[in-house]
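Undergrad: The structure is given below, and queries will be raised subsequently.
Each reported figure results from applying straightforward, stated rules to the coordinates on display, with no laboratory input. Values in this document were obtained by computation on a predicted structure and should not be read as measured data.
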Amino acid sequence: ICARYGEVDACRAILDVWSSKQQHQQPPPAQSIVNAHDDSLSTSLHKASANGYLSTVQLLLSRGADHLPNDSGNTPLHWAAASGHAEVVNMLLSHYDASKQQQQLDVLLKNNFGRSALTEGFQPGNTKTVEYLLNHDSAEEDRLIGGLDGKAVDDDKMGVDNGDSGDAVGKD
């Protein structure tokens, strides 16, 4: 709830108290509180990302929050993009790229409704959000155009006027 409302100090206090108690517990718990989830498998990172609480997202990331899908396949990146929170999108992408963990983000990963974070990012009309998503390494051109397997696209068959139709327009 603290993450949902951007109460970063309360989140920090809960994480600190929990982690200090866990250091003394044997055996250590299987799941960290930073990745605890509700009934729909949405984590604190989902909620802070969806609501654009940059400092809370930063805190959760610094404490090891994983970028996990919920029961609808939505990740925190999906929710941040859908809400148009460009700086949160940028922070998520930058954090997981810099961490060099196995967990690399994929802006084209689809949720259970067939929508990627990139698709979600177009909805609110925030151009900065779309820019961050399109500039990510996972938004490779061949994947964006549907995996044409390197085959050239014939502009004539696609109905594209590329300006070389043979007309003598502009020629003397």
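Undergrad: Quick one: Karplus J couplings for the stretch 65-75, per residue in order, coefficients 6.51, -1.76, 1.60, θ = phi - 60°, nearest Hz, x for Gly and Pro?
TA: After applying 6.51 cos²θ - 1.76 cosθ + 1.60, I find 4, 8, 8, 9, x, 8, 5, 9, x, 7, 9 Hz.
Undergrad: Name the residues whose placed amide hydrogens come within less than 5 Å of the amide hydrogen of residue 116, ignoring near sequence neighbours (fewer than 5 apart) on the same chain.
TA: So residue 116 has HN proximity to 111.
Undergrad: Ordered by residue, what ³J(HN,Hα) values in Hz, to whole numbers, does the stretch 77-86 give under the Karplus form 6.51 cos²θ - 1.76 cosθ + 1.60, where θ = phi - 60° and Gly and Pro are x?
TA: Each residue of the stretch 77-86 in turn: 5, 4, 5, 5, 5, 5, 8, x, 8, 4 Hz.
Undergrad: Turning to a different aspect of this structure: Which ³J(HN,Hα) values in Hz, rounded to whole numbers, follow from the phi angles of the stretch 114-131 under the Karplus curve 6.51 cos²θ - 1.76 cosθ + 1.60, where θ = phi - 60° and Gly and Pro get x?
TA: x, 10, 8, 4, 5, 4, 4, x, 6, 4, x, x, 8, 5, 5, 4, 5, 4
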